[in-house]
Structure formats: C-alpha cells, structure tokens
Amino acid sequence: MTDAKMLVFTNAVEGRDEEFNTWYDTDHLADVLAVPGIESCTRYEIQPVPGRGEPTHRYLAIYELSADPDVVLRGFGERSASGKLPLSPTLDLGSMSMQVWRAR
C-alpha cells in the first residue's frame, strides 16, 4: 500500500442521479478496481451545510492506491483509451475533477 489516494469528484447529469449511481456502483467501480494499483474505493454523497451555498460536487470517490500513482494513472489512461473503462452518459464530464493526494 502507498500513502496515496485518488479523489474523484463527480456530478450526475441533471435529473439522472439514480441512473448515475446505479452505473457507478454496479459497472464503473469494477472497471476502475481492475486497474492495476487501485486497491479499493469508498464512495460518498455530500451532506450540504445550511447557509454555506450550493456545493460544487455531489459525489466523491476515494480510491486507495497500492502502487506508485504515476503507474496507476498510466494504467488508468491505457484502460480508458482501449475502451475497458467506458463512461456513462449520466456522468457530467464537464464538472468532474480527479486528483491524486499523498500523505504529508
């Protein structure tokens, strides 16, 4: 296990949250977990804080990495390019944000 995590912030296309979550939980998670070096994932749904405005993202997935992040991201890109990591039309790609974080 490394000290790195990949955080993916997402939103569903307007009005398609249920379909998005079904796709993510039943198809997409298995596809991403098949990427070498991605060990596990926990998904979260935001609980807005009253008076703090509208959140930017509704969903967060935190992936535990078991290999060097550069290797994982390269494998992620290769699987995406080969069609082994298809995306759903219910995913709002314009608002998606993905970063890798390392422990300090």
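The values are calculated or read from the model by the stated rules, or taken from the named source; none is laboratory data. The model shown is predicted, which means the values in this text are computed figures rather than measured ones. All Cβ positions, even for glycine, are placed from backbone atoms using ideal geometry, and neighbour counts span all protein chains on display. To get the accessible areas, we keep the full protein, side chains included, count just its heavy atoms, and leave off ligands, DNA and RNA. Shrake-Rupley method; radii C 1.70, N 1.55, O 1.52, S 1.80 Å.
The table that follows gives values for the structure above.
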| quantity | calculated |
| --- | --- |
| Mean shadow area of the chain, taken as a quarter of the surface of its Cα convex hull (nm²) | 7.3 nm² |
| Helix 69-81 axis, angle to the chain major axis (alpha carbon atoms, nearest 10°) | 70 degrees |
| Accessible area of the chain belonging to carbon and sulfur atoms, whole % at 1.4 Å probe | 52 percent |
| Per-residue HN-Hα couplings for region 88-103 [Karplus 6.51, -1.76, 1.60; θ = phi - 60°; Hz; x = Gly/Pro] | 8, x, 7, 7, 7, 5, x, 10, 5, 9, 10, 9, 10, 10, 10, 5 |
| DSSP-assigned coil residues among chymotrypsin sites (Phe, Trp or Tyr not before Pro) in region 1-46, each with at most 10 further Cβ atoms within 10 Å | none |
| Cα-Cα P(r), region 9-56, percent of pairs per 10 Å interval | 20, 44, 26, 9, 0 |
| 222 nm mean residue ellipticity, helices alone, for the chain (DSSP H n ≥ 4; -39,500 (n - 2.57); rounded to 500) | -6500 deg cm²/dmol |
| For region 1-88, size of Cβ-based charge dipole, Lys and Arg +1, Asp and Glu -1, in debye | 140 debye |
| Neighbour cut-off at most 14 other Cβ (10 Å), DSSP loop, trypsin sites (Lys or Arg not before Pro), region 1-68 | ARG52 |
| The chain, relative contact order [Cα under 8 Å, separation at least 6], % | 49 percent |
| Accessible area in the full protein assembly, largest first, 1.4 Å probe, for ILE62, ILE38 | ILE62, ILE38 |
